[in-house]
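Participant: Starting off with a structure, shown below.
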Amino acid sequence: MIVVMKQNATGAQVANVLARVEQLGCRVHLSEGEERTIIGVIGNGRPLDRERIERWEGVERTVPILRPFKLASRDFHPQDTVVSINGMAVGGRQLIVMAGPCSVESHDQLLEAAWAVKEAGGCVLRGGAFKPRSSPYSFQGLGEEGLRLLAQARAETGLPVVTEVMEPQLVPLVTTYADILQIGARNMQNYALLHAVGKAQRPVLLKRGLMSTIEELLMAAEYILSHGNDRVILCERGIRTFEKYTRNTLDISAVPMLKQLSHLPVIVDPSHGTGKWRLVEPVSRAAVAAGADGLLIEVHPHPEEALSDGAQSLRPDRFTSMMRGLRPVAEAVGRTL
Ligand code: PEP
Ligand code: MN
């Protein structure tokens with residue numbers, strides 16, 4: 001970081017800043033120009049509190065040199081992180097398609113979806129047991145019964161399971177059933193929850209908040225990483241804009257941007273990103289072409305009867321044909337599916 005002193009800063013104020021920065025365990029590099037003094041601060045590995053330094057007397061402003069997310073940053077970890085889940089690699093050459101219903105509704109619904117996902121080449125089963133619904137009157141999920149059904153579907157199909165956890169207190173329970181813990185868009189900045197999954201022994205699928213910037217997503221990932229969990233998968237799922245034809249605006253440029261900024265794997269959720277099943281296939285192709293490491297897709301055996309998100313859910317036959325159509329796109333960008 002660079003500390004820019006005010007034009008009229010006194011020698012005593014400069015000396016005070018130098019001493020206090022050194023007390024924080026940093027080294028300093030003083031540069032006294034004609035107009036003003038600037039102090040280069042060489043950090044001790046921990047991010048500095050810029051706002052605090054800017055309140056010291058004689059300081060005009062600070063200029064960060066490094067990004068505020070250190071553990072998530074590619075600057076400190078140039079090679080791609082590959083998150084392994086039961087022997088499967090997220091972030092490698094193989095694209096990982098996670099698919100299944102929005103909500104777990106029943107044994108038959110889940111198993112029908114799970115087999116369809118598996119037969120079409122999906123490798124992780126998704127399904128919500130605890131649902132973050134915008135209305136308290138909408139279906140809220142089956143809770144632990146939904147988790148039990150997911151575990152049963154895993155036992156029968158061999159597919160690992162990703163499901164959302166909404167509260168810190170539920171992390172131990174969800175961890176006993178799930179292979180990947182999903183943090184939903186509405187909870188991306190729930191710091192108590194990020195702390196709890198940061199301590200959990202499971203990979204985390206972190207979805208971008210509805211109104212969050214790319215940097216805020218990476219700072220949320222930083223929370224999880226800083227609590228000791230290095231298995232974080234980022235997910236672009238669309239952000240809220242003025243556009244009405246789609247449920248959200250899927251930010252395709254977030255994929256290469258996140259890949260440049262971070263070493264973490266990035267997947268795309270075109271189901272929530274668009275809200276329309278007819279858009280899921282074309283947007284999935286775009287995501288793969290843009291460098292996504294995988295997709296999160298809603299599949300329901302009978303979308304017209306779904307208790308949540310039926311309008312964006314693919315029927316099994318449509319999911320199968322989408323997977324077929326994606327293979328040449330994957331190959332064109334050096335990936336396999
Ligand atoms: C989901 O994946 O079921 C979900 C609720 O997504 P989001 O948190 O992105 O809205
Ligand atoms: Mn959904």
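Participant: Name every residue in segment 286-303 that is in contact with a Gly (Cβ under 7 Å, 6 or more places away or on another chain) and away from ligand 2 (no atom under 16 Å from the Cβ), in order of residue number.
Facilitator: At the first step, the residues of segment 286-303 found to be in contact with a Gly (Cβ under 7 Å, 6 or more places away or on another chain) are 293, 299-300, 303.
Asp293 - this is the single residue of segment 286-303 that is in contact with a Gly (Cβ under 7 Å, 6 or more places away or on another chain) and away from ligand 2 (no atom under 16 Å from the Cβ).
Participant: How about segment 88-199: which helices (runs of 4 or more DSSP H) wholly inside it have at least 2 residues that are surrounded by fewer than 19 Cβ atoms within 10 Å (Cβ to Cβ) and among the small types (Gly, Ala, Ser)?
Facilitator: Details: elements: 107-120, 144-157, 171-177, 191-199.
Ranges flagged: 144-157.
Participant: Additional query: Here is a list: Gly128, Gly198, Gly122. Which entry is away from ligand 1 (no atom under 12 Å from the Cβ), in contact (Cβ under 8 Å) with a residue 60 or more places away in the chain, at negative phi and not basic (Lys, Arg)?
Facilitator: Working: Gly128 fails: away from ligand 1 (no atom under 12 Å from the Cβ); Gly198 fails: in contact (Cβ under 8 Å) with a residue 60 or more places away in the chain.
Every option except Gly122 fails the conditions.
Participant: When you scan segment 296-306, do you find a residue that is assigned to a strand (DSSP E or B), out of contact with any Phe, Trp or Tyr (no Cβ under 6 Å at 6 or more places or on another chain) and not charged (D, E, K, R), even just one?
Facilitator: Kept after step one, since they are assigned to a strand (DSSP E or B), are these residues of segment 296-306: 296-299.
Next, from what is left, pick out any that are out of contact with any Phe, Trp or Tyr (no Cβ under 6 Å at 6 or more places or on another chain): 296-298.
With the extra rule that they be not charged (D, E, K, R), the set shrinks to 296-297.
Within segment 296-306, one or more residues are assigned to a strand (DSSP E or B), out of contact with any Phe, Trp or Tyr (no Cβ under 6 Å at 6 or more places or on another chain) and not charged (D, E, K, R).
Participant: Pull out all pairs, ordered by first then second residue, where Cβ-Cβ is under 7 Å, the residues are six or more apart or on different chains, the first lies in segment 132-156 and is under 18 Å from Met98 (Cβ atoms) and touching a residue at least 24 places away in the same chain (Cβ under 8 Å), and the second is of a type in the set (D, E, K, R) and surrounded by fewer than 16 Cβ atoms within 10 Å (Cβ to Cβ).
Facilitator: That search, which allows pairs on different chains as well, returns Pro132/Arg186.
Participant: Do you know which residues across segment 253-304 are in contact with a Ser or Thr (Cβ under 7 Å, 6 or more places away or on another chain), under 30 Å from Phe76 (Cβ atoms) and surrounded by fewer than 23 Cβ atoms within 10 Å (Cβ to Cβ)?
Facilitator: Correct list: Leu261, His263.
Participant: Could you figure out which of (1) outside the structural domain of Thr213 (by TED's automatic domain parsing); (2) of a type in the set (Ser, Thr, Tyr); (3) touching a Leu at 6+ places or on another chain (Cβ under 8 Å) isn't true of Ser31?
Facilitator: Of everything listed in (1) outside the structural domain of Thr213 (by TED's automatic domain parsing); (2) of a type in the set (Ser, Thr, Tyr); (3) touching a Leu at 6+ places or on another chain (Cβ under 8 Å), Ser31 misses just condition (3).
Participant: Quick test for you: out of Gly143, Gly100, pick the one residue that is within 16 Å of ligand 2 (Cβ to nearest atom) and either in contact with a strand residue (DSSP E or B) (Cβ under 7 Å, 6 or more places away or on another chain) or not acidic (Asp, Glu) (or both).
Facilitator: Gly100 is the lone residue from the list that is within 16 Å of ligand 2 (Cβ to nearest atom) and either in contact with a strand residue (DSSP E or B) (Cβ under 7 Å, 6 or more places away or on another chain) or not acidic (Asp, Glu) (or both).
Participant: Also, quick follow-up: Quick check, is Ala99 modelled with pLDDT of 95 or more and not assigned by TED's automatic domain parsing to the domain that holds Thr176?
Facilitator: On the way: modelled with pLDDT of 95 or more: yes; not assigned by TED's automatic domain parsing to the domain that holds Thr176: no.
Considered against the rule, which asks whether it is modelled with pLDDT of 95 or more and not assigned by TED's automatic domain parsing to the domain that holds Thr176, Ala99 comes out as no.
Participant: Next question. Considering only segment 284-337, state which residues are β-branched (Val, Ile, Thr) and under 23 Å from the mean Cα position of the chain (by Cα). Write out each step before concluding.
Facilitator: Quick first cut of segment 284-337, residues β-branched (Val, Ile, Thr) only: 288, 297, 299, 320, 329, 333, 336.
If the condition is that a residue be β-branched (Val, Ile, Thr) and under 23 Å from the mean Cα position of the chain (by Cα), then Val288, Ile297, Val299, Val333, Thr336 are the ones that fit.
Participant: Which of the following residues is closer than 19 Å to Val161 by Cα, modelled with pLDDT of 95 or more and within 16 Å of ligand 1 (Cβ to nearest atom): Leu307, Leu279, Leu295?
Facilitator: Numbers: Leu307 fails: closer than 19 Å to Val161 by Cα; Leu279 fails: closer than 19 Å to Val161 by Cα.
The unique qualifying residue is Leu295.
Participant: Just one of Ala332, Ala306, Ala311 is within 16 Å of ligand 2 (Cβ to nearest atom) and either farther than 22 Å from Leu205 by Cβ or of a type in the set (Phe, Trp, Tyr) (or both); which is it?
Facilitator: Working: Ala332 fails: within 16 Å of ligand 2 (Cβ to nearest atom); Ala306 fails: either farther than 22 Å from Leu205 by Cβ or of a type in the set (Phe, Trp, Tyr) (or both).
Only one candidate passes the filter, namely Ala311.
Participant: Within segment 293-314, work out how many residues are of a type in the set (D, E, K, R) and either out of contact with any helix residue (DSSP H, G or I) (no Cβ under 9 Å at 6 or more places or on another chain) or in contact (Cβ under 8 Å) with a residue 24 or more places away in the chain (or both). Working first, answer last.
Facilitator: Step one: list which residues in segment 293-314 are of a type in the set (D, E, K, R), which gives 293, 298, 304-305, 309.
Of the ones still in play, those that are also either out of contact with any helix residue (DSSP H, G or I) (no Cβ under 9 Å at 6 or more places or on another chain) or in contact (Cβ under 8 Å) with a residue 24 or more places away in the chain (or both) are 293, 298, 309.
Residues flagged as of a type in the set (D, E, K, R) and either out of contact with any helix residue (DSSP H, G or I) (no Cβ under 9 Å at 6 or more places or on another chain) or in contact (Cβ under 8 Å) with a residue 24 or more places away in the chain (or both) within segment 293-314 amount to 3.
Participant: Okay, moving on. Go through segment 268-282 and give me each residue that's within 18 Å of the chain's Cα centre (by Cα) and either part of a helix (DSSP H, G or I) or of a type in the set (S, T, N, Q) (or both).
Facilitator: If we filter segment 268-282 for residues that are within 18 Å of the chain's Cα centre (by Cα), which is where we start, we get 268-274.
Within segment 268-282, Pro270, Ser271, His272, Gly273, Thr274 meet the criteria.
Participant: Would you mind stating whether Leu48 is farther than 30 Å from Arg335 by Cβ, hydrophobic (A, V, I, L, M, F, W, C) and outside any strand (DSSP E or B)?
Facilitator: yes
Participant: Determine, yes or no, whether Leu218 is within 16 Å of Lys207 (Cα to Cα), in contact with a helix residue (DSSP H, G or I) (Cβ under 7 Å, 6 or more places away or on another chain) and assigned to a helix (DSSP H, G or I). Give the steps one after another, and end with the answer.
Facilitator: On the way: within 16 Å of Lys207 (Cα to Cα): yes; in contact with a helix residue (DSSP H, G or I) (Cβ under 7 Å, 6 or more places away or on another chain): yes; assigned to a helix (DSSP H, G or I): yes.
It is true that Leu218 is within 16 Å of Lys207 (Cα to Cα), in contact with a helix residue (DSSP H, G or I) (Cβ under 7 Å, 6 or more places away or on another chain) and assigned to a helix (DSSP H, G or I).
Participant: While we're on this one: In segment 57-76, what count of residues is obtained for those that are buried (at least 16 other Cβ atoms within 10 Å of the Cβ) and part of a loop (DSSP other than H, G, I, E, B)? Please lay out each step first, then the result.
Facilitator: At the first step, the residues of segment 57-76 found to be buried (at least 16 other Cβ atoms within 10 Å of the Cβ) are 58-59, 62, 67, 69-74.
With the extra rule that they be part of a loop (DSSP other than H, G, I, E, B), the set shrinks to 58, 67, 69-72, 74.
The total comes to 7.
Participant: Keeping to segment 181-205, report how many residues are within 16 Å of ligand 2 (Cβ to nearest atom) and aliphatic (A, V, I, L, M).
Facilitator: Going residue by residue through segment 181-205, those that are within 16 Å of ligand 2 (Cβ to nearest atom) are 182-188, 205.
After this cut, where a residue has to be aliphatic (A, V, I, L, M) as well, the list is 183, 185, 188, 205.
Looking only at that region, the number is 4.
Participant: In segment 1-35, which residues are over 42 Å from the mean Cα position of the chain (by Cα) and exposed (fewer than 15 other Cβ atoms within 10 Å of the Cβ)?
Facilitator: Result: Gln7, Asn8, Thr10, Gly11, Ala12, Ala15, Glu32, Gly33, Glu34, Glu35.
The values are calculated or read from the model by the stated rules, or taken from the named source; none is laboratory data. Quick caveat, the model's predicted, so the values are computed rather than measured. A quick note on method: Cβ atoms are made from the backbone with ideal geometry, for glycine too, and the neighbour counts reach across all protein chains shown.
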